[in-house]
Each structure stands twice: as structure tokens, then as C-alpha cells.
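The values are calculated or read from the model by the stated rules, or taken from the named source; none is laboratory data. All values derive from a computational prediction rather than experimental measurement. Here the Cβ positions follow ideal geometry from the backbone for every residue, glycine too, while neighbour counts run over all protein chains shown.
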Amino acid sequence: MVTRVWDYLVEYHKEREDILEAVETVFGSGRLVLGESVSGFEREFADYHGLRACVGLDNGTNAVKLGLQALGVGPGDEVITVSNTAAPTVVAIDAVGATPVFADVREEDYLMDTSQVADLIGPRTRCILPVHLYGQCVGMAPLQALAEEHGLALLEDCAQAHGARHHGRLAGTMGDAAAFSFYPTKVLGAYGDAGATVTRHPEVESALRRLRYYGMEDRYYVVDTPGHNSRLDEVHAEILRRKLRRLDDYIAGRRAVARRYEEALGDSDLVLPSTAPGNDHVYYVYVVRHPRRDDIIEALNAYGISLNISYPWPVHTMTGFAHLGYRPGSLPVTEALAGEIFSLPMYPSLPLETQDRVIEALTEVLARL
Ligand SMILES: *Cc1c(COP(=O)(O)O)cnc(C)c1O
């Protein structure tokens with residue numbers, strides 16, 4: 001059996017009755033699209049954040065995309081973000097016709113270097129899109145100040161940071177709107193594709209509701225501005241409602257896994273994740289760093305352990321974004337990281353014996369390097 005960084009089946013076997021009951025609830029409800037489960041989840045997820053509104057969407061990429069559109073970002077605009085992120089952040093910017101502009105990340109925690117953002121603001125800048133990467137928040141105060149000063153929208157990419165806090169404030173509550181993914185691997189994951197965008201602004205909420213529903217107000221059959229079909233599915237909404245009640249337990253489980261790695265590997269040559277001041281980390285992924293990353297991954301394969309890299313190719317180096325004109329060396333920290341980071345198995349139901357096997361194998365491999 002191969003050990004992977006993530007496996008939903010352990011959780012499924014534990015929560016099977018609840019998950020299947022969710023499916024039964026929706027199938028027996030008499031309403032399969034935009035019913036009680038979606039509206040219930042939207043209310044509960046908004047309440048969890050103390051925000052006015054949550055609009056359930058079909059996935060996290062579209063949560064970013066519709067979030068940008070609802071904030072008025074479109075063709076010709078520039079959006080400042082990072083290249084050290086999941087490609088969908090940038091794909092969503094491209095999809096609305098805007099141009100991504102990249103800040104580098106910090107050596108300490110691999111998060112957006114917010115001190116670079118002021119210099120990247122130009123006449124076409126419309127939005128700043130920080131990514132709360134790996135499970136912890138970007139320091140938002142400098143970005144809030146810049147957004148205020150220059151009249152920019154601030155959209156948080158929270159796809160990796162459900163329940164993470166920055167000086168006590170939840171990820172998703174510090175900008176104009178925030179995009180979440182509930183892809184199965186995420187800290188709050190559905191059993192398929194799902195997403196949502198949350199906001200404090202009533203006009204952003206109504207724009208999101210129209211955009212996900214062809215461009216119509218719910219129940220009116222007239223399109224003002226053409227939108228999309230990007231609705232959250234009832235079945236996933238019902239599963240998410242139930243899992244939301246356990247979100248804080250999932251996070252506690254992830255932190256326990258992180259603590260064990262720290263105890264076992266704290267003295268090794270690996271650079272372990274560092275939590276930025278004021279942050280409560282939720283460990284969506286447990287990213288470590290070593291200059292001989294590729295050798296380590298290959299050696300671990302022989303133990304039946306298959307590890308991921310988040311992310312091996314910075315977005316600005318991808319063929320699909322070559323037209324942006326970034327040259328090698330333009331984002332030095334991001335590029336150096338990409339060759340040295342890798343992720344250890346991390347999910348709340350990770351069995352102790354699996355974690356021990358990974359720690360033992362890794363310790364042996366590091367000793368042999
Ligand atoms: C997962 C992820 C997304 C995209 O979410 P999907 O639901 O897979 O479309 C966007 N941004 C980040 C940072 C992510 O990790």
C-alpha cells in the first residue's frame with residue numbers, strides 16, 4: 001500500500017453514516033438545486049465568519065473568478081497576487097480578462113511579501129488578491145492600508161485557510177470579499193467540487209447571486225449582465241453543513257499532526273513550517289524545505305511513501321503565462337523555493353502509525369544523504 005499526503009477514505013469510514021444521511025436528506029427533499037441545504041449552508045458559513053453573506057458556488061476557482069467580477073474587476077485591469085500559489089488563483093484572474101501582477105514571497109513563511117505591493121500598484125491596478133497559503137494568513141494590515149489609499153478592492157483567496165486566524169480575526173473577514181474552495185482535500189472539504197465567496201457588502205452579495213445564476217436575480221428570467229452557471233450543489237452543501245460543525249475538530253487534528261512532526265523532526269536538517277507572528281495556522285499542507293528535495297522524494301518512494309510538492313512550478317514560469325513576460329530570476333524567493341519544498345502527509349484522520357512510518361523513513365533517508 002502506498003502512503004500519500006492525503007486520503008479521504010479514513011474520514012469517510014468514520015463519518016459514513018452522516019455523509020450518507022446528507023445524501024438521503026437532499027434526494028428526499030423534493031428540491032435538487034438551490035434548495036434548503038444550500039441556503040442553510042450559506043447562512044451557517046456566513047455566521048461562522050460573522051459576515052453578512054456567503055454565496056455557494058461550484059468550485060474555488062469560480063469563487064475567485066466571480067469574486068473578482070462582483071468586485072468590478074474585468075478586462076484591462078491588473079490584479080496583484082503571488083506566483084507561489086495553486087494555479088487556479090491566477091487562472092481565475094485570467095478568466096475575467098484581467099492581468100496578474102506578481103509580488104514575491106517571504107523567505108520565512110512563503111507568504112506574499114506585502115512590502116513589495118506598493119511598488120506594483122499602477123494606473124490599471126484594480127484589486128489586491130493575497131493568498132492565505134498552506135493554512136496561514138498573509139499580514140493584512142499593510143494591504144488594507146494600500147487598498148484604502150488607492151481605492152482598490154481586496155479579495156482574499158482562502159482556499160487553503162478555512163478557520164485560520166490572524167490576530168484573532170478569521171481568514172475571509174479582512175477584505176471586501178473572500179473565496180473558498182471545498183475541494184475534497186481542503187481543510188473543509190466536500191465529496192466533490194464545491195466553493196463559496198463570502199462578503200460584508202450587500203452589493204457584492206447580489207452581484208455574486210446574479211453571476212452564479214446566468215446573470216439573473218433568483219427566480220426572475222431576465223438577464224441584465226450575462227453571468228455563469230456556478231451554483232453550489234445541494235448534496236455537497238448538505239455534506240458541508242454537517243462537516244462545518246466539525247471544522248474546529250478537524251483543525252485541532254491537523255495541529256496535533258503538525259506538533260508530532262515538529263517533535264520528531266525539529267532537530268533534523270529539514271526546514272519546518274514557521275508560523276508568522278499573530279497567526280493561528282490550520283496546516284492545510286505541511287510544507288518542509290531541503291536543498292536535496294528531489295533525492296529525498298525519490299528515496300521515500302522506495303518505502304512506499306509518495307509525497308507532493310505545493311508547488312513545483314511557480315505560475316509565472318508556466319507556458320500558459322509566458323505572455324506575461326516574467327523572466328527566470330524575476331521572483332527569486334518563489335523560484336528558489338519551488339526547487340526545495342515538499343509536503344508531508346497531513347489530514348486530521350491521518351493514522352498515528354502512518355505518521356510514524358513517514359517520520360522513521362524520512363529520518364533514515366536524511367541520515368543517508
Ligand atoms: C484549491 C485552490 C483553489 C481552487 O479551488 P478549486 O475548488 O480546486 O477550483 C484556488 N486557490 C487556491 C490557493 C487553492 O488552493
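Odds and ends about this structure:
Every residue, every condition in (1) within 16 Å of the ligand (Cβ to nearest atom); (2) surrounded by 13 or more Cβ atoms within 10 Å (Cβ to Cβ), yes or no:
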residue	(1), (2)
Arg246	no, yes
Tyr303	no, yes
Gly329	no, no
Ser343	yes, yes
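- Put simply, of Val26, Val10 the only residue that is closer than 24 Å to Tyr213 by Cβ and either in a loop (DSSP other than H, G, I, E, B) or touching a residue at least 12 places away in the same chain (Cβ under 8 Å) (or both) is Val26.
- Among residues that are hydroxyl-bearing (Ser, Thr, Tyr), away from the ligand (no atom under 16 Å from the Cβ) and farther than 18 Å from Ser39 by Cα, Tyr213 is not included.
- If the condition is being assigned to a loop (DSSP other than H, G, I, E, B) and either away from the ligand (no atom under 13 Å from the Cβ) or within 13 Å of Tyr134 (Cα to Cα) (or both), then the range 173-190 contributes Thr173, Met174, Gly175, Asp176, Thr185, Lys186, Val187.
- Breaking point among (1) more than 11 Å from the ligand (Cβ to nearest atom); (2) not in a loop (DSSP other than H, G, I, E, B), for Ala196: (1)
- Considering residues of the range 124-163 that are crowded, with 22+ Cβ neighbours inside 10 Å and among the acidic types (Asp, Glu) only, the residue nearest to the ligand (Cβ to nearest atom): Asp157
- Exactly one residue among Val257, Val235, Val198, Val223 is of a type in the set (A, V, I, L, M, F, W, C) and touching a Cys at 6+ places or on another chain (Cβ under 7 Å), and that residue is Val198.
- Options His281, His323; residue that is crowded, with 19+ Cβ neighbours inside 10 Å, over 16 Å from Trp6 (Cβ atoms) and not assigned by TED's automatic domain parsing to the domain that holds Ala95: His281
- Restricting the range 236-275 to residues that are small (Gly, Ala, Ser) and assigned to a helix (DSSP H, G or I), the residue that is nearest to Asp18 (Cα to Cα): Ala237
- Residue match in the range 265-273 (condition: among the acidic types (Asp, Glu) and under 14 Å from Pro348 (Cβ atoms)): no
- Residue within the range 19-26 that is of a type in the set (Gly, Ala, Ser) and crowded, with 17+ Cβ neighbours inside 10 Å present: yes
- The single condition among (1) within 16 Å of the ligand (Cβ to nearest atom); (2) within 30 Å of Ser343 (Cβ to Cβ); (3) touching a strand residue (DSSP E or B) at 6+ places or on another chain (Cβ under 9 Å) that Val271 does not satisfy is (1).
- Residues in the range 65-123 that are in contact with a strand residue (DSSP E or B) (Cβ under 6 Å, 6 or more places away or on another chain), part of a helix (DSSP H, G or I) and either away from the ligand (no atom under 16 Å from the Cβ) or not assigned by TED's automatic domain parsing to the domain that holds Leu152 (or both): Gln116, Val117, Leu120.
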